[in-house]
Amino acid sequence: MTLSSSPLNIKNCLATASGFSLVKQIIQDKEAELTQKFDPQQSVEPLLIEKSAFIDDVLIHCWEHFLQDQSQHLCLIATGGYGRNELFPHSDIDILILLNDDNIDDFQHNLSSFSNCLWDIGLNPGQSVRTISECLQQAAEDQTIMTNLLELRLITGNPSLFAALNTQFNQKEIWSSKQFFAAKMQEQQRRYTKYHDTAYNLEPNIKEGPGGLRDLQNISWVIKHHFKSPTLTELIKHELLSESEYDELIAARNILWRIRFALHSLTHRHEDRLLFTHQRDLAQQFDFFDKNNDPDVEQFMQHYFKTVMQLERMNEMLLQLFNEHFFDLSPVKQLSPANAHFVSINQYIEVKEPDTFEKNPHTLLEIFLLLQQNSSLIGIRASTIRLIRENLHLIDDAFRHNSQANKLFLDIFKAPQGLTHQLRQMNRYGVLAAYLPCFANIVARMQYDLFHIYTVDAHTLFVLRNLRRLSLKKHRDELPFCNTIFLRILKPEILYLAALFHDIAKGLGGDHSALGEDIARDFCIQHKLSNHDTNLIAWIVRNHLLMSMTAQRKDINDPTVIHKFALQVGSIEYLNHLYLFTVADIRGTNPSLWNSWKDSLLLELYTHTHSALHRGLQNPIARSKRLYENKQEAKYELIGLGISEATISKTWRQISDDYFLRYSADEIAWHTIAIAATPKSELPLVLLRPQTQRGSVEIFVYTKNENNIFSLSANTLDQLGLTILDARIITFAVTETEQYVLNSFQVLEKSGEAINDLSKEIDICTTLRNNLLQLNVKKQINIRRESRQAKHFPITSKVFFHKDPLSRYTIIELITTDQPGLLASIGQLFNDLEIQLHDAKITTIGSRVEDMFYVSDMQLRPITDEKTLQKIKSEILMTLQTE
């Protein structure tokens with residue numbers, strides 16, 4: 001039943017025994033009515049005003065019902081968004097109850113009843129109760145309360161009391177304009193820092209993130225405080241904005257308003273985060289549809305990101321203009337060295353003449369180079385930012401092929417400092433996309449792969465920033481080895497340009513690495529880079545994923561793998577560049593993806609490959625030599641620890657050569673001591689070694705072979721909330737009927753951190769040993785949870801088969817969505833299909849699994865029969881569907 005929301009009906013409802021529930025129903029009916037009226041293509045401002053007026057009506061009748069004759073002695077005042085008449089479907093209802101100084105106790109009971117009523121009818125108010133003097137005192141102490149007092153609107157009550165508050169508030173300069181402006185700027189910077197100084201997170205906060213609605217409110221608060229004006233039209237009046245810029249600002253605001261209204265309606269709560277869960281539904285609401293290689297959700301999010309980029313730019317320009325007009329009275333100074341086109345005012349660069357860019361278009365690039373060269377400069381004057389935007393059309397095809405402009409662009413990349421900051425400004429002001437039209441394609445483009453958390457342009461600039469940090473002594477403590485390698489790079493700009501182009505072809509369809517290589521090569525040729533530099537930049541762009549994939553998906557202890565990778569790289573120079581780029585790229589994808597495990601894998605691959613290249617590709621290390629070296633090094637270490645040669649020989653007697661090739665000497669020594677000290681009657685042996693050389697924790701299992709040992713182990717570790725990074729499985733026969741396994745698992749906490757809790761280490765070993773003894777894992781709640789993103793954007797499961805170069809195994813590649821119990825299920829399936837598992841390379845990037853399993857049949861032969869392979873593939877896919 002729908003109840004009328006007329007004032008009379010609300011009043012009548014409050015007078016009944018079930019009044020609160022009836023009023024609550026009226027409110028819910030009104031919400032449904034407003035949601036029904038919502039049109040994503042139309043302004044929501046009338047709906048926000050209608051909602052505010054409706055809530056006014058509800059509050060007035062509740063106020064009069066509980067305060068009765070006292071209702072006109074106090075004030076009920078709307079604050080915040082409610083005070084601005086900007087109530088979204090689930091906005092906070094912020095109110096101030098204003099008291100006379102001498103009547104606080106008189107109304108306490110009735111006010112308490114009023115407050116309880118608001119909660120009972122579902123309004124969840126944000127409420128404060130103060131006198132005038134308390135308002136003024138607390139405003140003086142806290143700029144957030146000062147800000148609230150700028151947006152008061154009388155709902156009902158004593159108008160004289162409300163007028164007295166406004167009069168005293170306006171007469172007393174509680175905060176000077178300069179103080180208030182500085183406080184709001186500091187507040188904004190703290191907010192930006194919370195969101196990593198970027199608006200381009202893939203699950204952005206539409207209100208609080210950089211470029212969000214809070215930026216617009218910040219402008220409004222500064223203007224209201226200074227001009228004592230309730231509207232933003234003062235921006236035009238005081239020539240802070242032109243009429244067209246004002247229209248642009250309001251249009252951007254209206255887009256965010258519509259999205260926020262839709263988001264609240266969709267989630268039925270006060271939700272300001274554009275989570276993956278909601279993005280596709282919103283895309284369809286706003287009439288975005290899949291076309292070619294452009295999914296609907298990516299179009300919608302690109303629309304959103306371009307809007308917040310616009311608001312972020314307007315926010316920066318307006319606040320800086322405000323500062324320049326009213327607070328900054330610094331004299332004009334010449335740059336040092338002097339420049340014909342620019343001057344400095346209070347450490348901000350400004351054009352000498354309004355037509356500077358028109359007369360000298362190349363200065364649209366020169367200004368950023370000057371900012372790099374003059375460390376005393378901290379930014380661009382707002383009036384000049386406006387001129388840059390107005391003159392972007394000058395960056396046309398002729399400009400892009402102009403030799404002076406080309407040299408300036410390259411000089412920006414060659415400058416010893418300021419590259420990251422200036423490229424971010426060039427992107428924000430549209431210069432980068434104007435100069436490189438291919439870059440315009442990736443501006444605000446999201447990467448819907450669940451492990452990139454930034455848009456493509458933001459990720460690109462983070463990779464550049466990371467490369468710069470690797471070069472700087474002050475950041476050496478982060479990655480000292482990378483800093484050492486960077487010192488060997490003769491031309492850092494090669495790395496920076498490769499970073500600029502590595503994802504430039506995202507969204508174009510096809511292999512973005514191959515397409516990006518062509519774009520990068522064309523750029524280098526046009527900008528007259530040498531053949532050597534051109535080939536190196538193009539090669540990095542084409543192969544920027546090679547090192548990461550090799551380290552994480554192949555056995556880098558295998559000399560054959562190292563030799564093949566070294567052949568692909570070709571030289572130590574190329575290796576140095578690719579290694580540094582790979583580190584910067586992973587760290588710029590998602591901060592949570594980088595950990596000590598990936599660091600150690602890449603370092604190990606670099607070290608092995610460097611040795612191979614130094615030795616010469618015509619002299620690859622033989623497996624027999626590697627086997628001999630590992631055994632001798634491990635034996636030397638064991639003898640040094642007091643283990644006799646007889647014990648070593650006895651322990652190693654039945655273990656296959658494969659084991660000595662796949663483990664380091666340090667690992668072999670550790671395993672040997674444990675095996676030699678453990679009678680077979682005490683198996684299974686489960687040991688844990690914290691913080692290995694790879695930064696992970698190694699869990700070692702030695703026991704009699706049972707076909708489901710791997711599955712049991714994986715299931716146990718998964719239920720304990722651990723992430724398995726690598727699994728090595730060695731099976732060896734003691735007699736014809738008796739086999740043993742040496743399994744090791746490299747694990748981390750789910751968070752990506754190493755396990756540093758002794759009690760947890762003991763629990764892991766105890767639980768795993770008990771489960772292996774019982775050959776069973778008790779069913780319990782798995783503390784690993786499928787990620788929220790993965791639930792809504794699953795990855796299509798795929799299975800591929802690859803040949804082992806040495807024809808020892810069949811390699812099964814599995815790509816799927818991460819889920820609890822995945823490895824255990826695959827292990828059990830292999831057991832059911834009588835497949836022998838020898839090695840597993842586990843790669844989980846965000847919610848995407850890319851695992852490699854090295855298998856054979858039970859006679860230790862590669863599986864080559866096509867029918868058998870197809871059966872394995874269908875069984876794996878069927879298993880994944882039933883999980």
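The values are calculated or read from the model by the stated rules, or taken from the named source; none is laboratory data. It should be emphasised that the depicted structure is a prediction, and the values quoted were computed from it without experimental measurement. Cβ placement follows ideal geometry from the backbone for every residue including glycine, while neighbour counts extend to all protein chains displayed. In case anyone asks, the SASA skips ligands and DNA or RNA and just uses the protein heavy atoms, side chains included. Shrake-Rupley method; radii C 1.70, N 1.55, O 1.52, S 1.80 Å.
Each residue of segment 344-353 was assigned a 3J(HN,Hα) from its phi angle through the Karplus expression (A = 6.51, B = -1.76, C = 1.60, θ = phi - 60°), giving 10, 10, 6, 6, 10, 7, 9, 5, 6, 10 Hz with x at Gly and Pro. Assign one of three labels to segment 12-99, namely rounded, prolate or oblate, based on the Cα gyration tensor with a ≥ b ≥ c the square roots of its eigenvalues; rounded applies when a/c is under 1.5, prolate when it is not and a/b is larger than b/c, and oblate otherwise. The shape class here is oblate.
Per-residue packing, averaged as other Cβ atoms within 10 Å, sorts the ranges 277-286, 485-494 into the order 277-286, 485-494, beginning with the highest. Per-atom-type breakdown for the chain gives carbon and sulfur 50% of the accessible area (1.4 Å probe, protein chains only). Of the peptides 415-425, 230-240, 739-749, the order by per-residue mean of other Cβ atoms within 10 Å, starting with the highest, comes out as 739-749, 415-425, 230-240.
Each peptide in 453-463, 648-658 was scored by the mean count of other Cβ atoms within 10 Å over its residues; highest first, the order is 453-463, 648-658. In this structure, the amide hydrogen of T131, modeled 1.01 Å from its nitrogen in the peptide plane, lies closer than 5 angstrom to those of L99, counting only residues at least 5 positions away or on a different chain. The phi torsions of segment 289-294, fed into the Karplus equation with coefficients 6.51, -1.76 and 1.60 and a -60° offset, translate into couplings of 10, 4, 8, 6, 9, 10 Hz, rounded to whole numbers, with Gly and Pro shown as x.
Please say if segment 91-134 is rounded, prolate or oblate, where rounded means a/c under 1.5 for a ≥ b ≥ c the square roots of the C-alpha gyration tensor eigenvalues, and otherwise the choice is prolate for a/b larger than b/c and oblate otherwise? Judged from the Cα gyration tensor, segment 91-134 comes out oblate (a/c at least 1.5, b/c at or above a/b). Over segment 198-344, accessible surface divided per residue gives 39 Å², non-protein components excluded, 1.4 Å probe.
Amide H contacts of C75: L98, N158, each under 5 Å away and 5 or more positions distant or on a separate chain (H built 1.01 Å from N in the peptide plane; Pro and chain starts excluded). The phi torsions of segment 731-748, fed into the Karplus equation with coefficients 6.51, -1.76 and 1.60 and a -60° offset, translate into couplings of 10, 9, 9, 8, 9, 5, 10, 10, 10, 10, 10, 10, 10, 9, 10, 9, 10, 9 Hz, rounded to whole numbers, with Gly and Pro shown as x. Please state the shape class of segment 420-549: rounded when a/c is under 1.5, otherwise prolate if a/b exceeds b/c and oblate if not, all from the C-alpha gyration tensor. Here segment 420-549 falls in the rounded category. Counting only protein heavy atoms and a 1.4 Å probe, segment 526-620 has 36 square angstrom of accessible area per residue.
A 1.4 Å probe run over segment 635-687, with the rest of the protein chains in place, finds 48 Å² accessible per residue.
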